[in-house]
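Student: The structure is given below, and queries will be raised subsequently.
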Amino acid sequence: MPFPIAGVELSSRFFLGTAGYPSPLVLEQAIRASGAEVVTVGLKRQLAQGCGKPVSNPQGQGYFEIIRQSGARLLPNTAGCHTAAEAITLAQMAREVFDTHWIKLEVIGDTYTLQPDPFELVNAAAELVKQGFEVFPYCTDDLVTCNRLLDAGCRVLMPWGAPIGSGQGLLNPYALRTLRERLPDVPLIVDAGIGSPMDAVQAMELGFDAVLLNSAVSSAHDPVLMAEAFRLGIEAGRKAWQAGIMAEQDMAVATTPVTGRPFVLA
Amino acid sequence: MNTIRITVNGVEHTVAASSTLQDLLDTLRPEAEPGAPIASAVNGTHVARQARATLVLQDRDAITTFEPITGG
């Protein structure tokens, strides 16, 4: 069933990153297998070369054409930025290059964990919203930070599950559950840290609207098959959330409606 | 010919004093197709594509150029 996010209707709740695939062909097949309608892209400062030489990047143009031809909606990121000013400039460039006002806003505060800097993030988000961007902020799972991002004009939040590329899954389900409960009407996307389809299922069972991941697919032995596995997991988790998961019990509760012991007539 | 010294992605270049940003990009990317995706900034400020032809470079300007890549 289509769901609204940032003013558009999407059918797939799987947002897929495009980095680190073994070949453009594998990326193309993985996008198709994932069913993703939104894929993330980036901008990189060109490596300086001598005058008269075209500048190219092995992760650049060949892949970019594949991504364009996939028909997926592009979500450029501001990876590598450590200040609001850097992120704002890169977002402006991304809007020009990718022809979209969507931006996955990343402002890193710690190079070891790649944890977002909440202060710079909120400042950048506020300015970019003023400039007409649809900001998808990559943030921590801190409720107050998320509220400040909403105050700044964000209509979507993308809290981390775990540090980028770590594959550790959802390190703090309590915080994510709290976000869902306190922000019931805000589209929430778990971004980063997902390692296996089980993590994606968990995120969806917590009531998150979508999952964004990259390394778990691109680093798999068979990225195309893993993309399909995640697609199925995300669909299963969403259906489970909608269906209503039974409450856990400490003790056994008999399932079969027998009367006492079946061979003892009392 | 009067010249100025600038940096492009951290590397020093000498160009004519009246060069525009578009002139510079045309020199650096002679084989690029018109409209090929590239973004540019001068001294950390984004310069929109349509403004490149009128932005005259100044001595010591730092130019950075960006291209699309895959990303997560």
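Student: Here are some residues: B:3, B:27. Which one is within 12 Å of chain A (Cβ to nearest Cβ), surrounded by fewer than 17 Cβ atoms within 10 Å (Cβ to Cβ) and not aromatic (Phe, Trp, Tyr)? If you could, list the steps in order and put the result at the bottom.
Tutor: Working: B:3 fails: within 12 Å of chain A (Cβ to nearest Cβ).
Exactly one of B:3, B:27 is within 12 Å of chain A (Cβ to nearest Cβ), surrounded by fewer than 17 Cβ atoms within 10 Å (Cβ to Cβ) and not aromatic (Phe, Trp, Tyr), namely B:27.
Student: Could you tell me which of the residues A:197, A:184 is surrounded by fewer than 15 Cβ atoms within 10 Å (Cβ to Cβ), within 26 Å of residue A:140 (Cβ to Cβ) and not charged (D, E, K, R)?
Tutor: On the way: A:197 fails: surrounded by fewer than 15 Cβ atoms within 10 Å (Cβ to Cβ).
Going through A:197, A:184 in turn, the sole match is A:184.
Student: Something else: With (1) touching a residue at least 60 places away in the same chain (Cβ under 8 Å); (2) in contact with a strand residue (DSSP E or B) (Cβ under 6 Å, 6 or more places away or on another chain) as the list, and residue A:155 as the residue in question, which single condition is left unmet?
Tutor: Here residue A:155 meets the rest and fails (2).
Student: Taking only pairs six or more apart or across chains, which ones have beta-carbon atoms under 7 Å, a first residue in region A:204-231 that is touching a residue at least 24 places away in the same chain (Cβ under 8 Å) and within 13 Å of residue A:31 (Cα to Cα), and a second residue that is surrounded by fewer than 20 Cβ atoms within 10 Å (Cβ to Cβ) and of a type in the set (S, T, N, Q)?
Tutor: A:224/A:29
Student: Would you tally the residues in region B:32-66 being in a strand (DSSP E or B) and out of contact with any Lys or Arg (no Cβ under 6 Å at 6 or more places or on another chain)? Break it down into steps so the answer makes sense when it comes.
Tutor: Of all residues in region B:32-66, those in a strand (DSSP E or B) come to B:39-42, B:45-47, B:56, B:62-66.
With the extra rule that they be out of contact with any Lys or Arg (no Cβ under 6 Å at 6 or more places or on another chain), the set shrinks to B:39-42, B:45-47, B:56, B:62-63, B:65.
Summing the residues that are in a strand (DSSP E or B) and out of contact with any Lys or Arg (no Cβ under 6 Å at 6 or more places or on another chain) in region B:32-66 gives 11.
Student: Which condition breaks for residue B:69 when tested against (1) under 10 Å from the mean Cα position of the chain (by Cα); (2) within 7 Å of chain A (Cβ to nearest Cβ); (3) part of a strand (DSSP E or B)?
Tutor: Single failed check for residue B:69: (1).
Student: Further, regarding this structure: Mind telling me which of the residues A:220, A:227 ends up being over 13 Å from the mean Cα position of the chain (by Cα), crowded, with 23+ Cβ neighbours inside 10 Å and either among the hydrophobic types (A, V, I, L, M, F, W, C) or within 14 Å of chain B (Cβ to nearest Cβ) (or both)?
Tutor: A:227
Student: So residue A:255 passes all but one of these: (1) closer than 30 Å to residue A:25 by Cβ; (2) over 18 Å from the mean Cα position of the chain (by Cα). Which condition number does it fail?
Tutor: Looking at each condition in turn, residue A:255 falls short on (1).
Student: Within region A:9-30, can you find the residues that are away from chain B (no Cβ under 11 Å) and in a helix (DSSP H, G or I)?
Tutor: Within region A:9-30, the subset away from chain B (no Cβ under 11 Å) is A:9-14, A:22-23, A:25-26, A:28-30.
Of everything in region A:9-30, those that are away from chain B (no Cβ under 11 Å) and in a helix (DSSP H, G or I) turn out to be A:25, A:26, A:28, A:29, A:30.
Student: Looking at this structure, is residue A:170 within 14 Å of the chain's Cα centre (by Cα), in a loop (DSSP other than H, G, I, E, B), in contact (Cβ under 8 Å) with a residue 12 or more places away in the chain and under 22 Å from residue A:231 (Cα atoms)?
Tutor: Working: within 14 Å of the chain's Cα centre (by Cα): yes; in a loop (DSSP other than H, G, I, E, B): yes; in contact (Cβ under 8 Å) with a residue 12 or more places away in the chain: yes; under 22 Å from residue A:231 (Cα atoms): yes.
Spelling it out, residue A:170 is indeed within 14 Å of the chain's Cα centre (by Cα), in a loop (DSSP other than H, G, I, E, B), in contact (Cβ under 8 Å) with a residue 12 or more places away in the chain and under 22 Å from residue A:231 (Cα atoms).
Student: On to the next question. Please determine whether any residue of region B:20-31 is touching a residue at least 40 places away in the same chain (Cβ under 8 Å) and assigned to a loop (DSSP other than H, G, I, E, B).
Tutor: Residues of region B:20-31 that are touching a residue at least 40 places away in the same chain (Cβ under 8 Å), as a first pass: B:21, B:25.
Right, trim to assigned to a loop (DSSP other than H, G, I, E, B) and you get none.
Checking region B:20-31: not a single residue is touching a residue at least 40 places away in the same chain (Cβ under 8 Å) and assigned to a loop (DSSP other than H, G, I, E, B).
Student: Would you mind finding the one in A:90, A:74 that is within 17 Å of the chain's Cα centre (by Cα), at pLDDT 90 or above and either hydroxyl-bearing (Ser, Thr, Tyr) or surrounded by 18 or more Cβ atoms within 10 Å (Cβ to Cβ) (or both)?
Tutor: Result: A:74 is the single residue among A:90, A:74 that is within 17 Å of the chain's Cα centre (by Cα), at pLDDT 90 or above and either hydroxyl-bearing (Ser, Thr, Tyr) or surrounded by 18 or more Cβ atoms within 10 Å (Cβ to Cβ) (or both).
The values are calculated or read from the model by the stated rules, or taken from the named source; none is laboratory data. The structure presented is a predicted model; accordingly, all values stated were derived computationally and were not measured. Glycine gets a Cβ as well: all are built from the backbone with ideal geometry, and neighbour counts include every protein chain shown.
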